[in-house]
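Please read the structure below before turning to the comments.
The values are calculated or read from the model by the stated rules, or taken from the named source; none is laboratory data. Predicted model only: the values in this text are computed from it and were never measured. Quick note on the areas: whole protein, heavy atoms, side chains included, nothing else; ligands and nucleic acids left out. Shrake-Rupley method; radii C 1.70, N 1.55, O 1.52, S 1.80 Å.
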Amino acid sequence: VFYNKILRCYVLIDLKMGKLEHNHIGQMNMYLNYYKSEINDNIDNEPIGIILCQNQSEIMVEFALGGLSNQIFTSKYIYYI
């Protein structure tokens, strides 16, 4: 969890070792709702969630994120050694 002073919001980052699953998005949504209701001050903007995963299905992401008001972003990471 980071706080971005420019955006005035919390940024929650979740690293998943495998492929992205719909329950990961639900988990992030729960974290964002918690931060919105319990942690944010009146001057803070809504928190942002970022999920980094080994692989993602664009169709699954589209349907899992559909209708959510929270800002959740997903991205694929690549091992580099």
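Here is how the numbers come out for the structure above:
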read-out	value
Accessible area (Å², 1.4 Å probe, nearest 10) - Lys16	30
Amide proton proximity set for Ile50, modelled H, under 5 Å, gap of 5+	Leu12, Ile13, Asp14, Phe73
